[in-house]
Amino acid sequence: MAHIQRIAAWMLVGYHAAVTLMDIVIYKDFLNAPPAFYAGTNGLFALLVLGMSYWDWGRQRLGRAFTPLMILLISAPPILVYHLFLPPLPPGPLSNAEGMTLRQWPVHFIGLILVAWQYDLKAIFIFSLGIAALENFAILVLRPVNHPDTLTALSFIIIIRTLSLLVIGFFIQQLMTLLRVQQDSLHQANLQLRHYASTLEDLTISRERNRLARELHDTLAHTLSGLAVQLETTQAYWDVEPKTARELLAKSLASTRSGLNETRRALKALRASPIDDLGLLLALQKLAQSAAERGKLSLSLSLPEQIPSLAPDVEQCLYRIAQESLENVVYHANAQTLLVQLTISEEIIRLKVEDDGLGFDMKQHQKTGHYGLAGMRERAQAVGGELAINSHPGQGTRIQLTLKGF
């Protein structure tokens, strides 16, 4: 609402400034007379309203009374200033009573906008009739109009203005009602969408747990049950046919290894990704610290405080390339220092992992394909990134991943 009030205040200032310029042109020989007084007084009220629109402390202090006060300061002064203090205007366009009443229409429409924006049809009705009552009070009591033709003309103008305010206010209020209904519908749709997403997530987790439970049952349970049967058979043949018992024992060991591998695979799938658990930044931090601790390296870690929302495949690419690079440093580089740096600037992400270790011959690497660097390049290309690898024997290794337009 504060934004609308400020727009209305600037409209009011602009209107009075335009009317003042018009009076300067029309009444250039009477600048020290009534036109200057009328324009100046209304301009002061317009500036007062403009100041109020930026007065946040007053808005909080006055609460619900702030908007009605602002509407009153917009609509009432033009009527009261003319009928209470303004001497007769010199001859000119819109200088009679009817012309002065017409001058006030745009001001009242500005007040009407605030009323229709904030309140209901009842308030619009009260505002329109209130303006008419104030005008009638002014021309009948404050500054009586005795000429019958002038009084008749003013009466028709007041009636037309009141009807205009009611009609325009009705349409503005209907538009506002429609806007509020659409906003409420959008809010409800967002709530339903969040509820649907939460339900879908729970359902996905439940299905995944059931799948992993079946995998564990089909691997670990079957392996153990089969192993128990084989061991019992081995025990039965141990004294009777030692050769057969040894063959059965060998098969049991093979089944044990196979079952162990399957169980490890299932358990690995069961574990959540570090990115899901910690977020990308904390996952990279833990990864770098763990590598430095295992390799007894001096770590220089540089990560931004926060990063924009990234696609899951981009996050996985950053994490897995960092993971592979750090594993190479720990197991192959024989380094003393380790640098891990992630920077983000102008829609560009750069991940750099650098060490001062043994390094390697890039030409020889292209023939042998050591360190899993080929897989890292493929992972970078899959998300549209570029992987730069610089290394020389005895001069360490620097791996830099660059992602643009993420």
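The values are calculated or read from the model by the stated rules, or taken from the named source; none is laboratory data. Since this is a predicted model, take the numbers as computed values, not measurements. Backbone-built Cβ (ideal geometry, glycine too); neighbour counts: all protein chains shown.
Among the residues of region 142-154 satisfying the criterion of being part of a helix (DSSP H, G or I) and without any contact (Cβ under 8 Å) to a residue 12 or more places away in the chain, which is surrounded by the most Cβ atoms within 10 Å (Cβ to Cβ)?
My answer is T152.
List pairs: first residue in region 41-69 and under 16 Å from A8 (Cα atoms), second residue among the basic types (K, R) anywhere in the structure, Cβ distance under 7 angstrom, at least six positions apart or on different chains.
S53/R6; Y54/R6; F66/R59
Specify the residue that is farthest from the chain's Cα centre (by Cα); the eligible residues are those in region 291-333 that are among the polar types (S, T, N, Q) and surrounded by 13 or more Cβ atoms within 10 Å (Cβ to Cβ).
Looking at residues that are among the polar types (S, T, N, Q) and surrounded by 13 or more Cβ atoms within 10 Å (Cβ to Cβ), I get N328.
Which pairs do you get when a residue that is touching a residue at least 40 places away in the same chain (Cβ under 8 Å), found in region 313-338, comes within reach of a residue that is among the hydroxyl-bearing types (S, T, Y) and buried (at least 18 other Cβ atoms within 10 Å of the Cβ), reach meaning Cβ atoms under 6 angstrom, with the pair 6+ apart or on two chains?
Pairs that qualify, where the first residue is touching a residue at least 40 places away in the same chain (Cβ under 8 Å) and the partner is among the hydroxyl-bearing types (S, T, Y) and buried (at least 18 other Cβ atoms within 10 Å of the Cβ), are N328/Y371.
Hey, does region 61-77 have a residue that's loosely packed, with under 14 Cβ neighbours inside 10 Å and either in contact with a helix residue (DSSP H, G or I) (Cβ under 6 Å, 6 or more places away or on another chain) or at pLDDT below 80 (or both)?
Within region 61-77 (the criterion being loosely packed, with under 14 Cβ neighbours inside 10 Å and either in contact with a helix residue (DSSP H, G or I) (Cβ under 6 Å, 6 or more places away or on another chain) or at pLDDT below 80 (or both)), the answer is no, since none of the residues qualifies.
Residue by residue through region 101-131, note down the ones that are farther than 17 Å from Q174 by Cβ and modelled with pLDDT of 85 or more.
If the condition is that a residue be farther than 17 Å from Q174 by Cβ and modelled with pLDDT of 85 or more, then P106, V107, H108, I110, G111, I126, L129, G130, I131 are the ones that fit.
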